[in-house]
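S.K.: Pasting a structure here, questions to come.
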Amino acid sequence: MKTFTSALLTAAAAFSVACVAQAADAPAKKPAAKKAAATKEYRAPPMEASSKLPDWRGVWAPHERNMFDPASFTDPRNKGITNAADMREYPPYNAEWEAKYVKVLADNKKGVPTDPHANCLPGGMPRTIVIPYPHEVVVTPKVTYWLLEETSAVRRIFTDGRKHPVEEDFGHPFQGHSIGHWEGDTLVADTVYMKDYNSSVFDVTAAPHSDKVHTVERIRRISPTQMEDIMTVEDPIAFTKPWVIRRLYDLKPTWEITEYICEENNRNPLKADGSTTTGVVAQKN
């Protein structure tokens with residue numbers, strides 16, 4: 001028994017010596033790697049030329065009412081009319097499109113719906129600049145965002161040097177396609193490919209335009225509290241010459257843009273008696 005025990009102890013000792021020798025021959029272990037450093041605070045890359053761009057931050061409201069051309073309010077031919085929907089614009093229509101507009105005006109007086117916007121469709125360009133709801137303009141080096149509370153519409157004016165896309169590929173969205181460039185503190189915006197009068201019109205009088213309407217705007221801040229948009233409108237289908245209008249926007253420091261969902265009628269909800277907040281009685285099916 002003693003002989004067996006001695007043999008076991010001798011074998012254990014030999015194994016221990018072999019392990020120590022092997023450890024001595026092995027390369028030294030590297031110290032455990034330290035935990036990755038905490039994530040650095042994110043810093044956006046600098047916006048090239050941003051210091052040269054004007055500051056148009058804030059919410060703006062159209063200074064004039066919702067006629068496309070503010071000059072219509074003082075036109076002698078509209079004298080005595082106080083409701084914008086009962087007035088009319090005087091675009092340089094050719095005979096065919098003047099007749100279209102005259103019919104629209106007659107339908108307006110009969111109560112026949114003529115304004116696509118009344119059916120929850122977005123106003124679209126060029127009517128976007130007229131919509132009497134809050135507007136917000138965000139200027140960045142490569143695109144200027146024109147945000148509209150009405151229907152939560154977004155217009156993008158690209159200033160990265162791109163050209164207009166091919167019409168057949170792009171189609172005719174409500175806001176069209178806008179590209180622009182800066183001339184000092186003035187943004188020159190060129191917009192094409194807008195919808196025609198079946199989906200979008202100039203204003204509340206439903207003055208029509210074709211889908212070939214083309215606008216060029218010169219937008220600038222003329223005072224700490226006011227912005228100007230001079231727009232030249234061309235329509236080779238409907239006009240005999242360009243139509244130039246000038247609109248102003250007032251800064252509203254205490255305003256904020258809120259959500260506008262026309263499909264839920266959240267801007268003109270029904271009251272308990274079935275009428276709307278504007279006093280229009282809802283029709284029963």
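The values are calculated or read from the model by the stated rules, or taken from the named source; none is laboratory data. Keep in mind it's a predicted model, so treat the numbers as computed, not measured. Cβ placement follows ideal geometry from the backbone for every residue including glycine, while neighbour counts extend to all protein chains displayed.
S.K.: Please go through region 67-99 and pick out each residue that is assigned to a loop (DSSP other than H, G, I, E, B), crowded, with 17+ Cβ neighbours inside 10 Å and at pLDDT below 90.
M.R.: Once the filter is applied, which keeps residues that are assigned to a loop (DSSP other than H, G, I, E, B), crowded, with 17+ Cβ neighbours inside 10 Å and at pLDDT below 90, region 67-99 yields only M87.
S.K.: Of everything in region 120-143, what is in contact with a Cys (Cβ under 9 Å, 6 or more places away or on another chain) and surrounded by fewer than 21 Cβ atoms within 10 Å (Cβ to Cβ)? Give them in sequence order.
M.R.: Matches in region 120-143: C120, L121.
S.K.: Restricting the search to region 138-188, which residues are over 15 Å from the mean Cα position of the chain (by Cα), within 23 Å of F202 (Cα to Cα) and part of a loop (DSSP other than H, G, I, E, B)?
M.R.: Listed by number, the residues that qualify are H164, G171, H172.
S.K.: Are any of the residues in region 112-135 touching a Ser or Thr at 6+ places or on another chain (Cβ under 7 Å), in a strand (DSSP E or B) and of a type outside the set (S, T, Y)?
M.R.: No - not one qualifying residue is present in region 112-135.
S.K.: Out of all the residues in region 144-159, is one or more surrounded by 13 or more Cβ atoms within 10 Å (Cβ to Cβ), out of contact with any strand residue (DSSP E or B) (no Cβ under 6 Å at 6 or more places or on another chain) and of a type in the set (G, A, S)?
M.R.: yes
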